[in-house]
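Data first, discussion second: the structure below is written as structure tokens.
The values are calculated or read from the model by the stated rules, or taken from the named source; none is laboratory data. All of these numbers come straight from a predicted model, not from anything done at the bench. Glycine also receives a Cβ, built like all others from the backbone with ideal geometry; neighbour counts cover every protein chain displayed. Accessible surface is based on the protein model in full, side chains and every heavy atom, while ligands, DNA and RNA are left aside. Shrake-Rupley method; radii C 1.70, N 1.55, O 1.52, S 1.80 Å.
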Amino acid sequence: MGIVYLTGAGPGDIELLTLKAYRVIQEADVIIYDRLANPEILEMSKDGCEFVYVGKEDGRHIMPQDEINETIYQNALKHDVVVRLKGGDPFVFGRGGEEAGYLHARDVKFEVIPGITSAISAPAYAGIPVTHRGVAVSFRVVTGHESPNKKTSQIPWENYKTDDTIIFLMGLHNLSKIAKKLIEIGKDKECPCAVISKGTTKEQKVVVGTLEDITQKAKDIPTPALIVVGKVVELREQLAWFEGSI
Ligand code: SAH
């Protein structure tokens, strides 16, 4: 039985891969990867390494999670080194915890290799620090996958009224509902927000607006994209560095 490395691939820019991830990718007999993991990373593997695509896009699974779990397990029975490569960090909305739990229950050895999450790095490449002295003392990363209008919502929206920076992943399709909900709970409709698409890659696009007009402004922006809400967005005016550099 082999070892499984639940590995973060980083947000897009391949140079944001960790040295540890780079090492296990070179050692891998098989790499099981998602759509959000930059496919250029696969080219770093040794000759004969197998690739298994378990396409997963914005929370929608082409392969259901239980089949992904079983695929990882079956590969661990066949190979010495299995890399499960996931976009960003495996434990930030990556279902890495479920995959680790499945392996644990079957006595398969695994290690977790954290990755640079898009939640922080896409804003950084857009010139938006998620915290900033005198502007934001905290940030929160929230799933935007669930409609804010859902009756049984697990999201404590009322708590977000005073939040400094809020980052929504998987939320582009719910952008108008999220913005409306934040205004409804008492956030200023002029509160700055940004939508960042394909962050840290050459195709990065950033749209800046307010809670009131962001939906209209971001209507043509492609996925993957995340939403940043809070005054830190204004810092982009001085700190945007990446788009001009590529
Ligand atoms: N584990 C990943 C997140 C998986 S959820 C991480 O840590 O980054 C998938 C969501 O992440 C997407 O819907 C999008 O909101 C966000 N995302 C991933 N890569 C992104 C990128 N390069 N730019 C902007 N958003 C990204």
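Listing for the model above:
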read-out	value
Single unsatisfied condition, residue 109 versus (1) within 13 Å of the ligand (Cβ to nearest atom); (2) more than 20 Å from the chain's Cα centre (by Cα)	(1)
Strands (runs of 3 or more DSSP E) completely within segment 192-237 that count 2 or more residues being open to solvent by 50 Å² or more (accessible area, probe 1.4 Å)	205-210
Selection count where residues are out of contact with any strand residue (DSSP E or B) (no Cβ under 7 Å at 6 or more places or on another chain) and open to solvent by 40 Å² or more (accessible area, probe 1.4 Å), scope segment 150-180	13
Near pairs, Cβ below 7 angstrom, 6+ apart or cross-chain, from segment 161-180 (modelled with pLDDT under 95) to any residue that is within 15 Å of the ligand (Cβ to nearest atom)	163/140; 164/139
Condition met for residue 120 (at pLDDT 95 or above, in contact with a helix residue (DSSP H, G or I) (Cβ under 7 Å, 6 or more places away or on another chain) and closer than 18 Å to residue 227 by Cα)	no
Test: residue in segment 44-65 that is within 23 Å of residue 107 (Cα to Cα), buried (at least 17 other Cβ atoms within 10 Å of the Cβ) and among the basic types (Lys, Arg)	no
Selection from segment 80-99 of residues that are outside any strand (DSSP E or B) and within 11 Å of the ligand (Cβ to nearest atom)	87, 89, 90, 91, 92, 93, 94, 95, 96
Cβ pairs under 9 Å, 6+ apart, first in segment 10-26 and more than 19 Å from residue 119 (Cα to Cα) and at pLDDT 95 or above, second in a helix (DSSP H, G or I) and open to solvent by 40 Å² or more (accessible area, probe 1.4 Å)	22/44; 25/44; 26/44
Filter result for residue 153 (in a loop (DSSP other than H, G, I, E, B), polar (S, T, N, Q) and free of Cβ contacts under 8 Å to residues at least 24 places away in the same chain)	yes
Meets criteria (within 15 Å of the ligand (Cβ to nearest atom), touching a Leu at 6+ places or on another chain (Cβ under 9 Å), in contact (Cβ under 8 Å) with a residue 12 or more places away in the chain and assigned to a helix (DSSP H, G or I)) for residue 41	yes
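Residue-wise test of (1) closer than 13 Å to residue 130 by Cα; (2) under 16 Å from the mean Cα position of the chain (by Cα); (3) within 16 Å of the ligand (Cβ to nearest atom); (4) in the same structural domain as residue 143 (by TED's automatic domain parsing).
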| position | (1), (2), (3), (4) |
| --- | --- |
| 185 | no, no, no, yes |
| 207 | no, no, yes, yes |
| 211 | no, no, no, yes |
| 214 | no, no, yes, yes |
| 223 | no, yes, yes, yes |
| 230 | yes, no, no, yes |
| 238 | no, no, no, yes |
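Yes or no, residue by residue, for (1) in the same structural domain as residue 73 (by TED's automatic domain parsing); (2) open to solvent by less than 20 Å² (accessible area, probe 1.4 Å):
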{"position": "94", "(1), (2)": "yes, yes"}
{"position": "101", "(1), (2)": "yes, no"}
{"position": "107", "(1), (2)": "yes, no"}
{"position": "125", "(1), (2)": "no, no"}
{"position": "133", "(1), (2)": "no, no"}
{"position": "141", "(1), (2)": "no, no"}
{"position": "148", "(1), (2)": "no, yes"}
